[in-house]
1. Can you work out the FRET efficiency for the pair Leu483 and Asn130, with r the C-beta to C-beta distance and R0 = 22 Å, to the nearest 0.05?
2. In whole angstrom, how long is each semi-axis of the equivalent ellipsoid of the chain, when you take the square root of 5 times every eigenvalue of its Cα gyration tensor and sort them from largest down?
3. Pairs Lys93/Lys287; Lys148/Lys255; Lys46/Lys365; Lys83/Lys128: which exceed 28 Å Cα-Cα?
4. Of Met151, Met60, how do they rank once you tally other Cβ atoms within 10 Å and put the fewest first?
5. With the cut-off at 28 Å, tell me which of the pairs Lys250/Lys403; Lys48/Lys464; Lys61/Lys279 have Cα atoms farther apart than that.
6. Give the cross-link partners of Lys487 among the lysines, using a straight C-alpha distance below 20 Å as the criterion and excluding same-chain residues fewer than 8 apart.
7. What are the ³J(HN,Hα) values, in whole Hz, obtained from phi via the Karplus relation 6.51 cos²θ - 1.76 cosθ + 1.60 with θ = phi - 60°, for each residue of segment 33-50 in sequence order, with x given for Gly and Pro?
8. Given a Förster radius of 35 Å and the C-beta distance between Glu205 and Glu39 as r, what FRET efficiency does 1/(1 + (r/R0)^6) yield to the nearest 0.05?
Amino acid sequence: MTTHYASTRGGQQGVSASQAILQGLASDGGLFVPEVFPEIALDFDKLKEQSYQEIALLIMKAFYSDFSEKELIACIEAAYDDKFDTPTIAPVKKVGTDYYLELFHGPTLAFKDMALSILPYLMTTAAKKNQSTNELVILTATSGDTGKAAMEGFADVENTKIIVFYPKEGVSKIQEQQMRTQKGDNTFVVAVNGNFDDAQTRVKEMFNDTTLRDELAANQKQFSSANSINIGRLIPQVVYYVYAYAQLVKENELKNGQVMDISVPTGNFGNILAGYYAKKLGVPIGKLVCASNQNNVLTDFFTNGTYDRNREFYVTSSPSMDILISSNLERLLYEVSNQSATVTKQLMDDLTTKGSYALDDTLRKGLADFLVAYATDEQTQDAIQRVFDQERYVIDPHTAVAKHALDQMTQLENPALIVSTASPYKFPESVVRAFDEVKQVENEFGWVTSLYEETHLTIPPAVKTLFESPILHDRVIPVDDMLACVKEILNLD
Ligand SMILES: *Cc1c(COP(=O)(O)O)cnc(C)c1O
């Protein structure tokens with residue numbers, strides 16, 4: 001069976017997986033979705049004996065059907081190797097009565113590595129398949145984790161450049177240090193004076209700018225996206241839900257077929273959407289808890305059916321979720337409208353023109369699998385402290401948001417999987433603050449040592465060397481200069 005992709009807004013159809021990955025965003029501004037959702041036989045008594053890589057192949061074969069098995073195996077083996085610090089890639093830990101799916105064992109210590117370690121291989125393979133000799137320019141806005149993970153993946157990959165924009169005041173010190181020390185002649189990191197949404201909006205405008213597109217083409221270049229709008233990021237994220245369920249069956253924590261609920265710390269809605277896709281494929285997932293921080297636009301949306309981005313933006317202790325426009329929600333709208341591009345396009349047009357849209361009752365019924373809650377920074381700290389006091393298990397602020405949200409759902413009775421998206425060492429200051437509110441340290445690395453002193457959790461090697469690495473990127477620009485900056489980097493005009 002061949003899986004073709006279409007734009008959620010109806011402007012493109014019959015697109016192959018490799019073309020969709022290369023293109024990133026559809027030409028009408030929509031997102032690529034499978035025209036017919038593939039069916040995969042999931043036999044967990046068999047899957048429980050399979051490796052992460054084998055399960056990845058099973059899922060990707062169905063969604064990326066124009067790649068050969070040989071090509072996919074090459075991509076998977078190059079991505080999921082010893083740059084992860086555990087051979088299981090995504091371990092599941094039992095902590096008290098909860099299960100944590102640890103997605104932070106890759107090189108940049110956050111779950112973005114799960115997809116971004118494979119995306120460069122998928123993209124360069126896709127370029128070869130489509131006889132494209134253009135230089136691929138990866139243009140990305142990041143709330144902190146995507147940018148680093150994408151650069152790590154694309155650094156020195158032939159015939160590619162990667163340009164990353166991040167909000168100057170909107171990322172953690174560790175995240176900023178990680179980005180500013182990025183090596184690779186083809187990597188460019190730029191801080192902007194604005195928030196993530198400002199940066200993401202400008203990046204989307206550049207993708208939709210036909211004059212710019214023509215100018216790039218004339219220079220043998222083309223844009224692609226490493227953001228979670230790219231179907232090349234979404235599908236690799238489906239893999240770990242299948243793998244996690246198989247592991248829980250293997251460990252006799254779940255009977256084959258028994259339903260589990262999941263709680264996902266959510267920003268751009270990519271991770272939780274992958275969980276929804278996994279459920280559609282047949283993984284016995286019950287409720288999906290969409291956990292937000294103080295930027296609780298999704299909590300309101302699922303509660304009252306109106307998405308309204310006209311609201312205050314907060315900088316929180318879980319910065320990778322400081323987002324008011326959750327791009328991947330568009331793919332869910334497409335699903336709940338029975339794959340109607342007309343309905344989806346109308347809603348997205350409303351969002352552009354009015355900054356809000358409202359679902360009717362029929363559409364709202366489609367959201368029943370989702371439960372929502374949000375955590376303030378104080379509740380996030382409490383969750384970190386509580387889990388450590390009770391279970392001696394350390395969680396980062398993003399994961400703590402998901403734990404807090406899950407604990408609000410007293411009506412749920414199934415075993416629950418909390419998706420753990422970052423190493424506590426990526427946000428050491430916030431984690432230490434949960435234990436010691438008045439702690440002072442001399443420099444940024446002081447937070448790392450105090451986290452070790454508080455918890456005795458092993459410090460990942462990538463953090464140890466971070467503050468000894470030279471700063472290689474120091475540009476800071478106003479949001480309005482992003483286009484000019486891209487042109488300058490690419491020597492256009
Ligand atoms: C990106 C990120 C999230 C949010 O994931 P989405 O797919 O954008 O919803 C949560 N936690 C961490 C640590 C992240 O890096």
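Where a number appears in this text, it was derived from the coordinates with a stated rule and is not lab data. Not measured: the values here are computed from a predicted model. For neighbour counting, all protein chains shown are included, and Cβ atoms are generated from backbone atoms with ideal geometry for every residue, glycine included.
1. Efficiency, from the Cβ-Cβ distance: 0.25.
2. They are 30, 28, 23 Å, listed from largest to smallest.
3. Listed pairs above 28 Å: Lys148/Lys255; Lys46/Lys365.
4. Neighbour counts put them in this order, fewest first: Met60, Met151.
5. Lys48/Lys464
6. Within the straight-line cut-off, Lys487 pairs with Lys161, Lys204, Lys221.
7. 9, x, 5, 10, 5, x, 10, 10, 6, 9, 9, 5, 5, 8, 4, 5, 8, 8
8. 0.40
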